[in-house]
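In what follows, a structure is listed as structure tokens, so that the remarks can point back to it.
The values are calculated or read from the model by the stated rules, or taken from the named source; none is laboratory data. What you are looking at is a predicted structure, and each value in this text was computed from that prediction instead of being measured. A quick note on method: Cβ atoms are made from the backbone with ideal geometry, for glycine too, and the neighbour counts reach across all protein chains shown.
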Amino acid sequence: MAITFPTSTWQVAAIEDIGNAAALRDRLYINDGKGHFTLSADYLRYTRIRGLVRVADFDRDGDQDVFVGGRVDAGIYGKPPTSYLLQNDGKGNFTVVTAALAPGLEHLGMITDAAWVDVDKDGWPDLVVVGEWMPPYHIQESWRTFCS
């Protein structure tokens, strides 16, 4: 699975899911704007995408942050996998901030889809997620801490 999304710092970035082994973790390639991709050593070192990626500037600092929705972990279908909120520092370095901003999101369920929308019209993107064996959730961004 390859996913591309625009960022404010680079024209295109791509995430590639290439397996379960530590040496085969998800990878991020940064486009320099001229079609040259460089492997980011830091990004997604803790994650294995088994679901989806949705991008938004959830902290409104001008760069694109990432929600990684966990769908399934190989060999343990039915157990909610880990989902992540990854905050971009503007230089392409991402920090997992799920526990600090939305601790209930980390093992919410088997997420099949998500969207960033400003549901409450407060100017901040809210995250709406749906999945198997779970009700829809609206994770509202409120005072820089997410709440459901």
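Among the listed residues GLY131, GLY75, GLY109, which satisfies the condition of being over 14 Å from the mean Cα position of the chain (by Cα), modelled with pLDDT under 90 and either under 24 Å from ILE30 (Cβ atoms) or not polar (S, T, N, Q) (or both)? Checking each option against the conditions leaves just GLY75. Scanning the range 86-105 turns up at least one residue that is surrounded by fewer than 21 Cβ atoms within 10 Å (Cβ to Cβ), modelled with pLDDT under 90 and over 21 Å from ARG60 (Cα atoms).
Can you go through TRP124, TRP116 and tell me which one is closer than 13 Å to PHE58 by Cα, at pLDDT 85 or above and in contact with a Pro (Cβ under 9 Å, 6 or more places away or on another chain)? Criteria check complete, one pass: TRP116.
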